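Let me begin by presenting the structure, written as structure tokens, before commenting on it.
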Amino acid sequence: MRESERIRTAIIRGGTSKGVFLLASDLPRDPAARDRVILSIFGSPDPRQIDGLGGADPLTSKCAIISRSARADADVDYTLGYVGINKGAVDYEGNCGNISQAVGPFAVDEGLVPVSEPITFVRIFNTNTNKLLIAEVPVRDGKALTEGEFAIHGVPGKGARIVVNFVNAAGSKTGKLLPTGNVVDEIRLARDRRISVSLVDAAAPAVFVRAADVGLTGRESPDDTKRNPEIVAIMEEIRAQAAVMMKLAADTRSVSPAVPKIGVVAPPQTYQTIAGETIAASDCDLLARTLALGVMHKAYAVTGGICLSAAALIEGTVVNQVVSPDVKGSGAVRVGHPSGVSSFVVVVERTPSGQFELKQSAVAGTARRIMDGQVYVPRRVFAKKD
């Protein structure tokens, strides 16, 4: 009897993240057994993930589960899992826009969609948010192109430009672009501190706060959080309070580590990236810092960036208050983050009744298949009883 079962897998970089791609048909149907298998594949829980494919970093501890879709409006179904590193759990509460950039190329290369050149449009149904994504994938000789001249900050080199359109992205988890109906709400923190926040749900639900209101500059880096853990602590406190206000959790103890996202925002400023590059104030429209499973993100989440950009165009939000005046009313927002600058195309319009509507949201990125093959999962993982 074999000691291990072999499961087909691919490791693919999407945007500034890296994930393990799996076919749903190769995984157990029972959710508990499926998650045990995924945790084994990643080597979790273990801070080094030494016995699996995980990279011991929130940006590389993600899985994408793909299958052909039975829906008339989609080609493939895609489920994103945030795989715990220190915790033996897989979180499915939200989508990852970076990994989403690799789903279209994966579907093309695996023969899951009809291919056309030079661009194949892949309709992707994301089960985490019940939303449709449409990926524009460059194709040559029946396969997704990897090489190209498009560059994104946080990823070395250049690649083929992949555009992902988030269709009807408003209200991804809450059903509303503004979950509370307000452009600004108040949150009470420990020691009776009160701060203004904006709660927005576009591609992903998020809470935004001005950096100055929590004693930050907006230029903070992940290394700064190691020297001052209070930076992450206050961001998590705000995030947990916002989750309850957005009805994403019953109380602050039951908040998902992935949803909602948080953005600490500041006006454009000159700053240094984690690679030592100088970003001039004129190169971005605002600065933003966010978290990835409890640590500061080395870049900025794509779904969070779409939400951030939508908030920037909604008059009165805390993001709108700090963004460069040049983009108010425009659809392009340049976000300065620890690795550089990311651009998001978002169009927000106001209805005759005064409500805000998200009309368009898209982002361009790159993806590259790094390896594929078979991963070995001990048979005892399948046999375990919950």
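Where a number appears in this text, it was derived from the coordinates with a stated rule and is not lab data. Everything numeric here is computed off the predicted structure, so don't read it as measured data. Note that we place each Cβ from the backbone using ideal geometry, even for glycine, and neighbour counts take in every protein chain shown.
Let's test the formula: R0 of 35 Å, r as the Cβ-Cβ distance of Lys359 and Arg68. What FRET efficiency results, to the nearest 0.05?
0.70
In a solvent-free Debye calculation with one equal scatterer on each Cα, what is log10 I(q)/I(0) for the chain at q = 0.07, 0.13 Å⁻¹, listed in the order of the q values?
-0.30, -1.06
Grab the DSSP H runs of the chain that are 4 residues or longer, score each as -39,500 (n - 2.57), total them, divide by all residues and round the 222 nm result to the nearest 500 deg cm²/dmol.
It comes out at -5000 deg cm²/dmol, rounded to the nearest 500.
To the nearest 20 debye, what charge dipole does the chain have about its Cα centre, counting +1 at the Cβ of each Lys and Arg and -1 at the Cβ of each Asp and Glu?
Computed about the Cα centre, the dipole is about 680 debye.
So for the pair Thr270, Asp57, with labels modelled 7 Å out along Cα→Cβ, what separation do we get in nm?
So the two model labels end up 2.8 nm from each other.
Across the range 12-24, in residue order, what do the Karplus-derived ³J(HN,Hα) couplings come to in whole Hz, using 6.51 cos²θ - 1.76 cosθ + 1.60 with θ = phi - 60° and x for Gly and Pro?
10, 7, x, x, 9, 10, 9, x, 9, 9, 10, 8, 4
Could you check the simple spin-label distance between Glu136 and Leu189, using points 7 Å along Cα→Cβ, in nm with one decimal?
Going from the Glu136 label point to the Leu189 one covers 4.1 nm.
Would you kindly state how much longer the chain becomes between Thr252 and Asn228 on full extension, computed as 0.36 nm times their sequence separation minus their alpha carbon distance, in nm to one decimal?
Length difference between fully extended and current span is 6.4 nm.
What residues have an amide H closer than 5 Å to that of Lys62, excluding those fewer than 5 places away on the same chain, when H is modeled at 1.01 Å from N in the peptide plane?
Val20, Val83
Kindly rank 115-125, 231-241 from highest to lowest mean number of other beta carbons found within 10 Å of each residue.
231-241, 115-125
May I ask you to derive the relative contact order of the chain, considering only C-alpha pairs under 8 Å and at least 6 residues apart, and to give it as an integer percent?
19 percent
What is the dipole size for the range 185-365, taken about its Cα centre, with +1 at each Lys and Arg Cβ and -1 at each Asp and Glu Cβ, in debye to the nearest 20?
Using Cβ point charges on Lys, Arg, Asp and Glu, the range 185-365 gives about 240 debye.
Can you run phi through the Karplus equation (6.51, -1.76, 1.60; θ = phi - 60°) for the range 142-158 and list ³J(HN,Hα) in whole Hz, with x for Gly and Pro?
My calculation for the range 142-158 gives x, 10, 5, 6, 10, 6, x, 10, 9, 10, 10, 5, x, 10, x, x, 10 Hz in order.
Under the definition of Cα pairs under 8 Å and six or more residues apart, what whole-number percent is the relative contact order of the range 1-91?
26 percent
Find how much the distance from Ala383 to Asp283 grows on full extension, using 0.36 nm per residue of separation minus their present alpha carbon separation; answer in nm with one decimal.
Roughly 30.5 nm would be gained on extension.
Just from the alpha-carbon atoms, what are the Rg and Dmax of the range 129-208 in angstroms?
19.0, 62
Give me Rg over Rh for the range 185-365, both radii from the alpha carbons and Rh done the Kirkwood way, two decimal places.
Across the range 185-365, the Cα-based Rg/Rh ratio is 0.94.
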